[in-house]
Structure formats: structure tokens, C-alpha cells
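Shown next, in C-alpha cells, is the structure this report addresses.
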Amino acid sequence: MSADITKLRGSVAIVGAAESDELGRLPHKSSLQLHMEATHNALADAGLKKSDIDAVFTSGRNMANDVPEYLGIRPRFIGGTQVGGCSFILHVEHAMAAINAGLCEVALITHGESGYSRIAMPAPRWGDDSTNNQFELPYGTSGPATGYGFLATRHMHTYGTTSEQLAEVAVATRKWAALNPKAFARDPLTIDDVLNSRMICWPFHLLDCCLVTDAGGAVIVTSAERARDLKTKPVYVLGTGECATHMMVSQMPSFVSWDAARISGERAFRMSGVKQADIDVAEFYDAFTIVPMLALEELGFCKPGESGAFVSGQRTAPGGDFPMNTNGGGLSYTHTGMYGIFTIIEAVRQLRVECGPRQVANAKTAICHGTGGTWSAAATMIVSTER
Amino acid sequence: MADTYTGPVPKPTPETQPFWDATKQHTLKIQRCGDCARHYFYPRPLCPHCLSRNVAWVAVSGRGKLHSFVINHRAPRGFPATGPFVIGIVELDEGVKMMSNIVGVEPDPMLLRCDMPVEVVFEDITDEITLPKFKPVTPSFKPVTR
Ligand SMILES: [Zn+2]
């Protein structure tokens with residue numbers, strides 16, 4: 001007998017969301033400074049003080065001890081779950097659990113990463129005797145582009161998905177970036193530009209791959225009751241879900257489907273009571289063009305194998321009927337290495353109607369979704385202006 | 001070989017040592033569960049399917065299919081490739097999947113196909129470590145247009 005997750009629906013709200021002062025290539029800022037700027041800005045956005053924060057959630061190279069020290073916070077609840085770039089979406093679920101249990105009231109979820117400049121980034125720790133170093137790294141894997149490609153290749157083989165369809169995602173996302181002054185890459189892009197960019201790891205061209213940038217991002221979550229007293233329009237969390245299936249990509253359960261995404265999505269939709277047709281804006285982690293395509297399939301926006309057709313004809317671009325990655329995504333706006341927090345920030349802004357030229361008309365309900373590791377973990381969240 | 005190899009070299013742990021001992025002898029060994037009768041990879045002393053400890057090492061033929069692949073154009077630092085090279089996910093006949101390099105074929109997407117039959121070959125990279133790699137089983141090879 002599983003717990004009734006639907007009672008969590010709408011129990012918490014996101015009341016603050018912001019990036020660091022700058023995004024991009026920031027050799028003059030450390031990763032912790034990026035955390036601090038984002039936290040400062042998210043607090044200002046929420047109209048809260050540092051002393052209101054009683055829980056800190058973070059992930060990445062900086063431990064969940066580093067941020068409280070740097071910021072001078074003494075959290076009574078700490079969340080350091082690290083499953084890669086979607087961790088911050090999953091932290092919202094964990095914050096919701098802690099708030100509902102009465103263990104904390106105002107949770108800070110923070111991200112800072114000097115992904116490009118590598119300023120004050122603690123080194124990763126992978127030993128020579130790790131499973132990765134024994135069974136994958138000796139074959140010349142070079143970061144996520146290698147591992148994410150296996151699913152793209154198998155998807156192309158099984159469903160006839162084409163490089164042109166993958167490129168549609170990059171082109172549509174760039175059109176959104178052109179409307180976002182904070183986006184790193186804003187020059188117009190064509191499908192031919194993507195296909196003619198140099199090969200990184202077949203089937204991925206350079207422009208199928210995300211940016212590498214420095215940035216911070218933070219969101220503040222509190223109970224729906226407390227949110228009513230704050231100055232901002234609350235963005236209610238209606239549903240969340242998470243799942244992890246593997247660490248080494250070679251051990252992924254399937255190479256045509258993404259089980260972690262499907263499981264996380266089913267749970268988020270069940271908790272929320274929302275249907276796919278009710279979603280107005282989608283913010284999907286786009287480390288590579290294939291990743292949001294699989295999200296479309298696994299979250300039920302199209303059938304397995306149909307994402308290539310779904311994204312064709314610039315359907316996800318400004319003016320298309322499925323607004324996706326409206327900030328310009330990891331492909332064109334920013335990608336520090338752990339992009340997940342930025343899906344939340346953009347969803348909040350869209351629902352609060354703060355997006356200027358890229359604002360999606362009548363956006364009431366948004367979905368955030370992310371990946372971590374190499375298709376290893378997934379987190380889904382559905383948020384709305386209505387409880 | 002030996003002292004000159006510049007790529008990552010696996011360092012066995014107690015539970016993986018039999019795998020590396022076998023590859024050094026140019027034999028592929030994986031584990032099989034005595035309770036649920038399934039093979040599994042990578043090496044662990046408990047079956048990941050049913051958590052039984054009744055597991056044993058078995059030699060396998062090293063035949064399988066290329067489940068998926070990529071062609072990496074950017075070798076990581078120190079990796080001894082001089083141009084694009086193929087990294088595959090190989091599904092052995094016993095049902096387990098493992099990562100490896102696909103050798104004996106040009107790194108050209110037209111010459112590779114998901115599900116093409118492959119078989120193990122061994123590459124001694126140091127005095128201690130031999131990597132299992134895979135090559136196409138050529139009689140079944142049919143180039144495809146992509
Ligand atoms: Zn078993």
C-alpha cells in the first residue's frame with residue numbers, strides 16, 4: 001500500500017527564483033560566489049531575509065556544508081542529494097516533504113558552478129578502481145556527449161529519427177534565446193548550420209550539444225500558507241517525481257526509452273492531477289538535442305518514437321503550439337554542467353508573466369524536467385499559478 | 001604496449017579481479033546466478049536481479065550484437081586514438097550489455113549498424129591489463145545507407 005501522494009499537491013509554493021548577477025564566462029567569480037549571488041537575488045525576489053531560511057538544498061561539487069558557511073546560514077534541514085543536473089528539481093520534492101513534515105519552513109535550493117572557467121571548483125573524485133574507470137573510461141568516453149549519443153543512435157535505428165529532426169530542437173531553442181537578453185548564444189541558427197557544424201561525437205554535431213558556461217541559480221520554496229503572506233505571486237508545486245536507474249550508461253535498462261523519465265513523469269502527473277493537454281509551457285533539460293525529445297515521449301506528450309515528428313516544423317519555437325525551453329535552454333541560454341535549476345527559474349517567470357518578448361500568452365501551468373548523470377536519473381515537476 | 005600506454009587503465013578490485021584475470025588469458029568471463037539462472041555484468045558478488053549470493057564465473061563465447069554506438073571525434077586527454085573511433089554498447093548472447101570499442105571497421109556511420117553481429121577480440125594494453133574489444137563478424141556484414 002503506497003502513500004497517497006496526491007495530498008502533497010499544492011502544499012508548497014516557489015516564492016523566489018533568480019540567477020546570479022551575470023551568466024556566461026565569468027573568470028572573475030568563484031562557484032560559491034555564484035551560489036551567493038543567486039541566493040541574494042532569489043531572497044530579494046521573494047522579499048525574504050537570509051534569516052528566514054531554515055533549510056538548504058544543494059548539489060554539485062560544492063558540498064551542502066560549503067554554501068551555509070559561505071552565506072552564513074545555519075540550516076536545520078540539509079539536502080545534498082546529488083544525482084547530476086536534475087538534482088535541483090528533485091530537491092523541490094525533498095523540500096516539500098520536509099516542509100510538510102514540519103522540519104523546516106523556508107527552503108533555499110541553490111546552484112553555483114564555474115563550469116567553464118573552473119574557478120574554485122573542487123576536483124571530482126573518481127578512482128582508478130571505480131566501476132567507470134574499469135568498464136567505460138578505457139574505451140575513450142569523453143564526457144556526456146559520448147554517453148548521450150547511444151540512445152540517439154538506437155532511436156534513429158529503431159524509429160528512423162533523423163539528424164534534421166534533432167537539429168530542429170537546436171534551431172527552435174535558439175529562436176527563444178534571441179528573445180532573452182540573458183542568453184549566451186543569440187545569433188540566428190538554421191538546420192543546415194547545425195548539420196554543418198563539426199562532428200563532436202556522431203550522431204551529435206557541435207550545435208547538438210549544450211553550452212559550457214558559468215552561472216548560479218536559486219529558488220526558494222515554502223508552505224502554501226506562508227506563501228500567501230509574501231509579496232510575490234506564488235507558483236504552486238502540484239506534482240513531483242523522481243527516479244534513478246543506473247550510473248554507467250552501458251547499464252542503462254533500455255536504449256530506446258528512458259525509464260527514469262517515464263517513472264518520474266507518471267508520478268508527477270498523478271500527484272498533480274494535471275493532464276498533458278493542460279501544460280502551457282515546457283522547460284526540459286537539453287544537454288543534447290535528443291534529451292528533450294525523449295522527455296516529450298516519456299512524459300506522454302507524444303508516443304514512443306514520435307518525438308522526431310513532434311519537433312518538426314519548429315513546433316517548439318516561438319509561435320509554435322508547444323513552447324519549449326523558452327529561456328533558450330542549455331543549448332543557447334546557459335549550461336553550467338548542472339542545468340536543472342534554470343528550468344525552475346524560467347517556469348516561475350513564465351507563470352508570473354515576467355518574460356517580456358518571450359512571454360507565452362496565458363501561461364498558467366508549466367512542466368520542468370531534467371536528467372542527471374547519463375540518462376541516469378530524472379526529475380519532473382508540474383507547477384501552476386492555481387492550487 | 002606495456003609502459004607506454006597513455007589511456008585510462010582499469011585497476012581491479014577484489015570483486016572484479018577474476019574478470020581481468022580472464023581477459024589477460026584472452027578469455028571472456030562473466031557471472032551467472034545459480035538461483036535465477038541469469039547472467040549479469042559488471043562483476044559483483046551478489047546477483048543484481050535477485051540479490052542471491054549463489055553466483056559463479058562462467059566463460060562465454062564473446063559473441064553478441066552491437067546494440068548501439070557512437071563515433072567519438074574528440075578523444076579524452078591521454079587516450080591513444082589518433083582519429084575518430086567507435087565506442088559501442090555490445091549485447092552479448094547471454095543478454096548482458098557492456099561498453100567497448102568496435103575495432104576492425106572504419107569509424108564511418110555507413111559501415112556500422114545497430115544489431116550487427118560482433119565478436120570479442122583482446123587488446124593487451126599493459127603487462128597486467130587486457131581490454132576486451134569487439135569486431136564485426138564479417139560474413140553478416142551489410143553496409144547500410146543512412
Ligand atoms: Zn539471481
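The values are calculated or read from the model by the stated rules, or taken from the named source; none is laboratory data. These numbers were taken from a predicted model, which means no experiment stands behind them. Because the Cβ atoms are built from the backbone with ideal geometry, glycine has one as well, and the counts that use them run over all protein chains shown. Accessible surface areas use protein heavy atoms only, side chains included; no ligands, DNA or RNA. Shrake-Rupley method; radii C 1.70, N 1.55, O 1.52, S 1.80 Å.
Which of the helices (runs of 4 or more DSSP H) contained wholly in region A:126-218 include at least 2 residues that are over 20 Å from A:Pro253 (Cα atoms) and charged (D, E, K, R)?
Values: elements: A:131-135, A:144-159, A:163-177, A:191-196.
So the answer is A:163-177, A:191-196.
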| query | Of the numbered conditions (1) in contact with a Cys (Cβ under 9 Å, 6 or more places away or on another chain); (2) within 16 Å of A:Val56 (Cβ to Cβ), A:Thr158 satisfies every one except a single condition; which is it? | reply | (2)
| field | Of the criteria (1) within 24 Å of A:Asp286 (Cα to Cα); (2) open to solvent by less than 50 Å² (accessible area, probe 1.4 Å), which one A:Arg118 fails | value | (2)
| query | Here is a list of conditions, (1) in contact with a helix residue (DSSP H, G or I) (Cβ under 9 Å, 6 or more places away or on another chain); (2) open to solvent by less than 20 Å² (accessible area, probe 1.4 Å), and A:Ala95 meets all of them except one; can you say which number that is? | reply | (1)
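Would you say B:Val96 is within 14 Å of another protein chain (Cβ to nearest Cβ), within 13 Å of A:Tyr139 (Cα to Cα) and surrounded by 15 or more Cβ atoms within 10 Å (Cβ to Cβ)?
Details: within 14 Å of another protein chain (Cβ to nearest Cβ): yes; within 13 Å of A:Tyr139 (Cα to Cα): no; surrounded by 15 or more Cβ atoms within 10 Å (Cβ to Cβ): yes.
Spelling it out, it is not the case that B:Val96 is within 14 Å of another protein chain (Cβ to nearest Cβ), within 13 Å of A:Tyr139 (Cα to Cα) and surrounded by 15 or more Cβ atoms within 10 Å (Cβ to Cβ).
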| Among the residues of region B:11-32, which ones are under 25 Å from B:Cys50 (Cα atoms) and part of a loop (DSSP other than H, G, I, E, B)? | B:Pro12, B:Thr13, B:Pro14, B:Glu15, B:Thr16
| query | Do any strands (runs of 3 or more DSSP E) entirely within region B:35-96 hold 2 or more residues that are over 21 Å from A:Gly149 (Cα atoms) and either charged (D, E, K, R) or within 14 Å of the ligand (Cβ to nearest atom) (or both), and if so, which? | reply | B:55-60
| Among (1) away from the ligand (no atom under 13 Å from the Cβ); (2) touching a residue at least 40 places away in the same chain (Cβ under 8 Å), which single condition is B:Pro18 missing? | (2)
| said: Condition first: touching a residue at least 12 places away in the same chain (Cβ under 8 Å), part of a loop (DSSP other than H, G, I, E, B) and more than 21 Å from the chain's Cα centre (by Cα). Now tell me which residues in region A:29-64 satisfy that. | reply: A:Lys29, A:Ser30, A:Gly47, A:Leu48, A:Ile53, A:Asp54
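Across region A:163-212, what is the total count of residues that are small (Gly, Ala, Ser) and buried (at least 22 other Cβ atoms within 10 Å of the Cβ)? Lay out the reasoning, then the answer.
First, pick out the residues of region A:163-212 that are small (Gly, Ala, Ser): A:163, A:167, A:170, A:172, A:177-178, A:183, A:185, A:197.
From the residues that got through so far, the ones that are buried (at least 22 other Cβ atoms within 10 Å of the Cβ) too are A:167, A:170, A:172, A:177, A:183.
Adding up the residues that qualify gives 5.
For every residue, the table says whether it meets (1) in a strand (DSSP E or B); (2) touching a Phe, Trp or Tyr at 6+ places or on another chain (Cβ under 9 Å).
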{"residue": "A:Gly239", "(1), (2)": "yes, yes"}
{"residue": "A:Gly265", "(1), (2)": "no, no"}
{"residue": "A:Leu296", "(1), (2)": "no, yes"}
{"residue": "A:Ala309", "(1), (2)": "no, no"}
{"residue": "A:Gly319", "(1), (2)": "no, no"}
| query | Taking A:Asp286 and the conditions (1) surrounded by fewer than 24 Cβ atoms within 10 Å (Cβ to Cβ); (2) assigned to a loop (DSSP other than H, G, I, E, B), which numbered condition does it fall short on, given that it satisfies the others? | reply | (1)
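Restricting the search to region A:102-111, which residues are surrounded by fewer than 18 Cβ atoms within 10 Å (Cβ to Cβ) and touching a strand residue (DSSP E or B) at 6+ places or on another chain (Cβ under 9 Å)?
Here is the first cut: in region A:102-111, the residues surrounded by fewer than 18 Cβ atoms within 10 Å (Cβ to Cβ) are A:102-103.
The one that is surrounded by fewer than 18 Cβ atoms within 10 Å (Cβ to Cβ) and touching a strand residue (DSSP E or B) at 6+ places or on another chain (Cβ under 9 Å): A:Leu103.
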| Candidate set: region B:96-120, residues that are touching a residue at least 40 places away in the same chain (Cβ under 8 Å) and within 13 Å of the chain's Cα centre (by Cα); chosen: the one farthest from B:Thr6 (Cα to Cα) | B:Val96
| said: Of all residues being closer than 20 Å to B:Phe134 by Cβ and within 16 Å of the ligand (Cβ to nearest atom) in region B:21-34, which is surrounded by the fewest Cβ atoms within 10 Å (Cβ to Cβ)? Just the residue, please. | reply: B:Ile30
| request: Return the residue satisfying two criteria in turn: it lies in region A:143-162 and is within 9 Å of another protein chain (Cβ to nearest Cβ) and polar (S, T, N, Q), and of such residues it is most open to solvent (accessible area, probe 1.4 Å). | output: A:Thr158
| message | Residues that are within 10 Å of chain A (Cβ to nearest Cβ), free of Cβ contacts under 8 Å to residues at least 40 places away in the same chain and open to solvent by less than 40 Å² (accessible area, probe 1.4 Å): does region B:38-60 have at least one? | response | yes
